[in-house]
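For reference, the structure discussed in these notes is given below.
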Amino acid sequence: MAQAKISAFEPALVRTAALAKALAHPVRIRILEILAGRSGCVCGGLVDLLPLAQSTVSQHLKELRDAGLVRGTIDGPRTCYCLDGRAVAEAETALAELFGRLRRDASRSHPARSAKVKKEKS
């Protein structure tokens, strides 16, 4: 997205879009799951857990770092990666709020369809 176009939107909306973009690939979600399942940071070995080349994993980690979901610290010749718990909580809140708004707006716009969906779930 061009910077001029992004500036036309609220910062919270731009942040939510950036988080969604970071989550828009299954490899990135898997990386987050791997990092979440570790008690500490992962220093190397991440590539061994994924069916991808080092350069590809690095690109995905860069996207996650740029979104703030992952922190990378240099430890000698390698980088150690950890989840940023605060950013993960922020992403959870932002996405929950987005989908909550979408659900509310959709039920107002299409009350008959919303009632049908509720009935089918019962």
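Since every read-out is calculated from the coordinates, none of them should be taken as a lab result. Predicted model only: the values in this text are computed from it and were never measured. As a convention, Cβ positions derive from the backbone with ideal geometry for all residues, glycine included, and neighbour counts pool all protein chains shown.
Using only Cα atoms, tell me the angle between helix 26-36 and the longest principal axis of the chain; keep it within 0 to 90° and round to the nearest 10. On a 0 to 90 degree scale, this one is about 70. Charging the Cβ of each Asp and Glu at -1 and of each Lys and Arg at +1, and nothing else, the dipole of region 66-113 about its Cα centre rounds to 340 debye. Farthest towards the positive end of the charge dipole of region 8-121, among the residues Leu95, Leu23, Cys80, is the Cα of Leu95, using unit charges on the Cβ of Lys, Arg, Asp and Glu. Between Cys43 and Tyr81, the built amide H atoms are under 5 Å apart, and every one of these is 5 or more places off in sequence or on another chain.
So if I place +1 on the C-beta of Lys and Arg and -1 on the C-beta of Asp and Glu, and nothing else carries charge, what would the dipole magnitude of region 8-121 be about its Cα centre? I want it in debye, nearest 20.
680 debye
For the chain, a Kirkwood hydrodynamic radius built from all Cα pairs, placed in the Stokes-Einstein relation at 37 °C and 0.692 mPa s, yields a translational diffusion coefficient of 196 µm²/s.
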